[in-house]
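This report refers to the structure that appears directly beneath it.
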């Protein structure tokens with residue numbers, strides 16, 4: 001990609017990040033639409049010799065484009081009723097699902113908790129030619145006031161059990177009465193069944209499995225759609 005085509009603000013962000021890391025753009029296609037995703041080219045460079053498995057709670061999960069995020073991006077990018085609807089991506093990381101949703105016509109807010117993460121998201125949105133995208137710092141333990149959304153979405157956001165209830169509170173706070181939630185996780189994610197068991201008290205849950213192949217191996221991704229239960 002020709003960085004000179006970026007708007008001034010995003011080009012400045014890109015150049016600032018480039019001073020520390022080697023960067024690359026991935027191109028993801030969804031039918032006739034596509035997005036460009038800014039990534040760190042060498043994860044070892046970012047980790048700087050740290051063992052990512054010595055303390056999983058400290059691992060910067062956002063630096064990787066997860067299979068579940070790609071599947072969720074395809075799901076949201078192919079939604080037939082996008083125009084005029086609002087969508088919030090939670091724990092967005094690189095933001096592929098949210099950007100795909102924006103390309104499909106949603107008015108998207110991408111959220112995460114660190115400035116560096118949001119810098120990558122902003123450059124990716126600009127590189128993808130997306131203008132109707134907002135960015136928000138969102139602490140699940142202390143969520144800011146925002147208008148409710150038609151759709152909430154998140155990929156691989158269930159890593160720590162202690163955040164299950166705060167996340168459910170976020171769902172209840174930000175989802176419209178007739179809204180829906182899309183989640184995507186690797187089928188091996190042990191925390192998923194535990195979370196869904198808690199969620200089913202307040203939400204009707206649909207489940208679909210999508211199998212992809214990577215390096216000759218089959219990977220199962222679970223996609224869940226949640227809606228408020230009707231009392």
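The values are calculated or read from the model by the stated rules, or taken from the named source; none is laboratory data. Note that this is a predicted model, so its numbers are computed, not measured. So basically every Cβ, Gly included, is an ideal-geometry build from the backbone, and we count neighbours across all protein chains shown.
Checking the conditions here, which among 73, 92 is at pLDDT 85 or above and part of a loop (DSSP other than H, G, I, E, B)?
Values: 73 fails: part of a loop (DSSP other than H, G, I, E, B).
From the options 73, 92, the qualifying one is 92.
On the basis of being surrounded by 19 or more Cβ atoms within 10 Å (Cβ to Cβ) and either at pLDDT 95 or above or out of contact with any helix residue (DSSP H, G or I) (no Cβ under 8 Å at 6 or more places or on another chain) (or both), does residue 175 make the cut? Lay out the reasoning, then the answer.
On the way: surrounded by 19 or more Cβ atoms within 10 Å (Cβ to Cβ): yes; either at pLDDT 95 or above or out of contact with any helix residue (DSSP H, G or I) (no Cβ under 8 Å at 6 or more places or on another chain) (or both): yes.
Spelling it out, residue 175 is indeed surrounded by 19 or more Cβ atoms within 10 Å (Cβ to Cβ) and either at pLDDT 95 or above or out of contact with any helix residue (DSSP H, G or I) (no Cβ under 8 Å at 6 or more places or on another chain) (or both).
Can you tell me which of 139, 67 is at negative phi, surrounded by fewer than 17 Cβ atoms within 10 Å (Cβ to Cβ) and modelled with pLDDT under 95? Let's see the steps before the verdict.
Details: 67 fails: surrounded by fewer than 17 Cβ atoms within 10 Å (Cβ to Cβ).
It is 139.
Considering every residue within the stretch 206-228, establish whether at least one is modelled with pLDDT of 95 or more, in contact with a helix residue (DSSP H, G or I) (Cβ under 7 Å, 6 or more places away or on another chain) and surrounded by fewer than 17 Cβ atoms within 10 Å (Cβ to Cβ).
The answer is no, given that none of the residues of the stretch 206-228 is modelled with pLDDT of 95 or more, in contact with a helix residue (DSSP H, G or I) (Cβ under 7 Å, 6 or more places away or on another chain) and surrounded by fewer than 17 Cβ atoms within 10 Å (Cβ to Cβ).
Filter the stretch 171-212 down to residues that are under 14 Å from residue 87 (Cα atoms) and within 19 Å of the chain's Cα centre (by Cα), then give me how many there are.
Residues meeting the conditions: 9.
Go through 213, 208, 218 for me and flag whichever is part of a strand (DSSP E or B), within 21 Å of residue 101 (Cβ to Cβ) and free of Cβ contacts under 8 Å to residues at least 24 places away in the same chain. Steps first, please.
Details: 213 fails: within 21 Å of residue 101 (Cβ to Cβ); 218 fails: within 21 Å of residue 101 (Cβ to Cβ).
Result of the check over 213, 208, 218: 208.
Here are some residues: 112, 119. Which one is surrounded by 22 or more Cβ atoms within 10 Å (Cβ to Cβ) and either closer than 23 Å to residue 25 by Cβ or modelled with pLDDT of 90 or more (or both)? Talk me through it step by step, then tell me what you get.
Numbers: 119 fails: surrounded by 22 or more Cβ atoms within 10 Å (Cβ to Cβ).
Step by step, each of 112, 119 is checked, and only 112 is surrounded by 22 or more Cβ atoms within 10 Å (Cβ to Cβ) and either closer than 23 Å to residue 25 by Cβ or modelled with pLDDT of 90 or more (or both).
Output the residues belonging to the stretch 15-41 that are in a loop (DSSP other than H, G, I, E, B) and modelled with pLDDT of 80 or more.
Of the residues in the stretch 15-41, the ones in a loop (DSSP other than H, G, I, E, B) are 19-22, 31-32, 41.
Those that are in a loop (DSSP other than H, G, I, E, B) and modelled with pLDDT of 80 or more: 19, 20, 21, 22, 32, 41.
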